[in-house]
Amino acid sequence: MQALEYFLTPWLDIQLLFLVAAGTFAGVYVGAIPGLSVTMAVSILIGFTFTWDVYPALCLMVGIFMGGVYGGSRTAILLNIPGAPSAIATAMDGYPLAQQGKAGEAIGLSTVMSFVGGLIGVFVLAVAAPTVSDFALTFQPRDFMLLAILGILLVGSLSGESLVKGIFCGAMGLLIGTVGMDPLTAEERFTFGFTQLWGGISFIAVMIGMFGVAEALMQLHHIEKTAVKQTIRRIVPEWASVRRYLPLTLQSSSIGVIIGALPGTGGDIAALMAYDHAKRTTRNPKVPFGKGAREGLVAPEAANNAAVGGAFIPMLTLGIPGDAVTAIMIGALYIHGLNPGPMLMIDQPQMFWFITGALVLANIFMLIFGLTGIRLFTKIVEMPRTVLIPLILLLSIVGAYAVNNSITDVYWMLAFGILGYFMKSYGYQLGPVILGVILSRLLDENWRRAIISEQGSLSALFKGILTSPLSLVLLAMVVMIFVSQTPLWARLKKRLGSKREGSSTPT
């Protein structure tokens, strides 16, 4: 009964209810603005709320976290500019839907599936937090390395029609991600003597440039073309549509919870993995992926919102942050005299149930705010291109500058925007570049940690992989996905399909 009482505390207290609602509303619109990340918003809040009581401060932070993760999908769908890294996969099919005049349908479907994914993440947090956190602790550096390799193999799903071009783009992303000071030895890498490169190239600047500026430059080819008129007959998706995508939503949410619970990963990796899972498991989609497939919209949105609940699991049970936002929230809890980890669950279990209740409430407000204002938002897509292109460029410049308050990031953003324009012009997909940048650090650090843990012996590392059940499963998944992307497998699959069709033809 006490657990239920603390779970309902943010629901029954008017002040806390208002703070969750205000935080979620602010998070939706902060997340929609490229460059204004949820991490930034929560870190700024610490300076304003450290004199508050712990409950109001947590309500505001939880609301911004939940709303911000969802909010990135708005500009991803409408402008092809992901407001947050976790919305990169959403843009791949959400933006084509907007170009077909179905922005309202895309936002409505993504909102409902984000709500379902968020609820599943919080449910797992409430029911199975200790079990999931114990599983997350079994991951060794070699397992994170294999997970990064598994993620890199997603280039096959993001490459469009040419796998070779996708591999090239993924390798480019890995190269961009290694620029700067070595995280383990502090040696300079690819800096060429420029001190401005010591901190590396901002991932946000690369993302905004390649998606925002490149899209604006591509629109210049159609500047006199009439804007696409959006038909908004129904915002809330029909029950038949929800039921159709529910199995994929459950599968993607499971991916989101697991990836979110792994320290150092987060919703962006979860969303990309869920997108790849949808592409591999969806048989005969009505619309091809990358052209407006609803499955390509549902999977990443369910996964990145489920990852929110997953990120709280190691934070609350072990004191280990699941992502950058929960790392900041751990600092906030310390400021308020709390000690996240096993002792928090023993000494103050009410805090666990309070945060769980606030997450559910924030998820409900996210659904409400996500389904309102859509008609106004879709007017953005209907703007004349002479207005829309400067707006995209302005948002891109503000977003790139806001990350580090650095004009250098703006220059990088413009440079990668021009590069992205030429790549798109010659049929290169930009998703694999961003994927490479995201995974470069995870792969780099854990590869060397794995080698160091085995005293520099490759044979010992490989033996450790073969003798660990978890590592062996990850290795098998890597091999299976790699084989499935080879031309030999494609020919074999085609041959088997033609044989089945021949055997089923009546004589």
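The values are calculated or read from the model by the stated rules, or taken from the named source; none is laboratory data. Treat the numbers as computed from the prediction; the structure is a model and nothing was measured. Quick reminder, even Gly has a Cβ in these numbers, built from the backbone with ideal geometry, and neighbours come from all protein chains shown.
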Subject >> Number of the exception - Phe377 against (1) at pLDDT 75 or above; (2) surrounded by 14 or more Cβ atoms within 10 Å (Cβ to Cβ); (3) in a helix (DSSP H, G or I) >> reply: (1)
Original post:
Inside the range 51-78, can you point out the residues that are part of a helix (DSSP H, G or I) and of a type in the set (Phe, Trp, Tyr)?
Top reply: Tyr55, Phe65, Tyr70
Subject >> Thr75 being closer than 27 Å to Gln429 by Cβ and either surrounded by fewer than 24 Cβ atoms within 10 Å (Cβ to Cβ) or of a type outside the set (A, V, I, L, M) (or both) >> reply: yes
Subject >> Yes/no for Asp13 being in contact with a helix residue (DSSP H, G or I) (Cβ under 9 Å, 6 or more places away or on another chain) and among the acidic types (Asp, Glu) >> reply: yes
**OP:** Evaluate the range 296-318: report whether one residue or more is crowded, with 24+ Cβ neighbours inside 10 Å, touching a residue at least 24 places away in the same chain (Cβ under 8 Å), in contact with a Lys or Arg (Cβ under 8 Å, 6 or more places away or on another chain) and not polar (S, T, N, Q).
**Re:** yes
**OP:** Kindly list the number of the only condition in (1) free of Cβ contacts under 8 Å to residues at least 60 places away in the same chain; (2) farther than 24 Å from Ala270 by Cα; (3) assigned to a helix (DSSP H, G or I) that fails for Pro10.
**Re:** (1)
Original post:
In the range 170-196, which residues are more than 12 Å from Asp444 (Cβ to Cβ), assigned to a loop (DSSP other than H, G, I, E, B) and of a type in the set (A, V, I, L, M, F, W, C)?
Top reply: Ala186, Phe190, Phe192, Phe194
Original post:
Is it the case that Leu250 is farther than 26 Å from Thr39 by Cα and either in contact (Cβ under 8 Å) with a residue 60 or more places away in the chain or not in a helix (DSSP H, G or I) (or both)?
Top reply: yes
Original post:
Taking into account only those residues within the range 455-488 that are at pLDDT below 85 and touching a Gly at 6+ places or on another chain (Cβ under 8 Å), which is surrounded by the fewest Cβ atoms within 10 Å (Cβ to Cβ)?
Top reply: Ser484
Original post:
If Gly322 passes every condition in (1) assigned to a loop (DSSP other than H, G, I, E, B); (2) under 24 Å from Gln15 (Cβ atoms) but one, which one does it miss?
Top reply: (2)
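Matching residues to (1) surrounded by fewer than 24 Cβ atoms within 10 Å (Cβ to Cβ); (2) more than 20 Å from Ala358 (Cα to Cα):
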{"position": "Thr49", "(1), (2)": "yes, no"}
{"position": "Gly67", "(1), (2)": "no, no"}
{"position": "Ile81", "(1), (2)": "no, yes"}
{"position": "Ala89", "(1), (2)": "no, yes"}
{"position": "Thr131", "(1), (2)": "yes, yes"}
{"position": "Ala136", "(1), (2)": "yes, yes"}
{"position": "Gln140", "(1), (2)": "yes, yes"}
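Test Tyr428 against the criterion of being part of a loop (DSSP other than H, G, I, E, B), among the aromatic types (Phe, Trp, Tyr) and within 24 Å of the chain's Cα centre (by Cα), and give yes or no.
yes
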Original post:
Can we say Phe139 is in a loop (DSSP other than H, G, I, E, B), aromatic (Phe, Trp, Tyr) and under 29 Å from Pro314 (Cβ atoms)?
Top reply: yes
**OP:** Looking only at the range 201-217, decide whether some residue is at pLDDT 85 or above, assigned to a helix (DSSP H, G or I), under 18 Å from Ala148 (Cβ atoms) and of a type outside the set (A, V, I, L, M).
**Re:** no
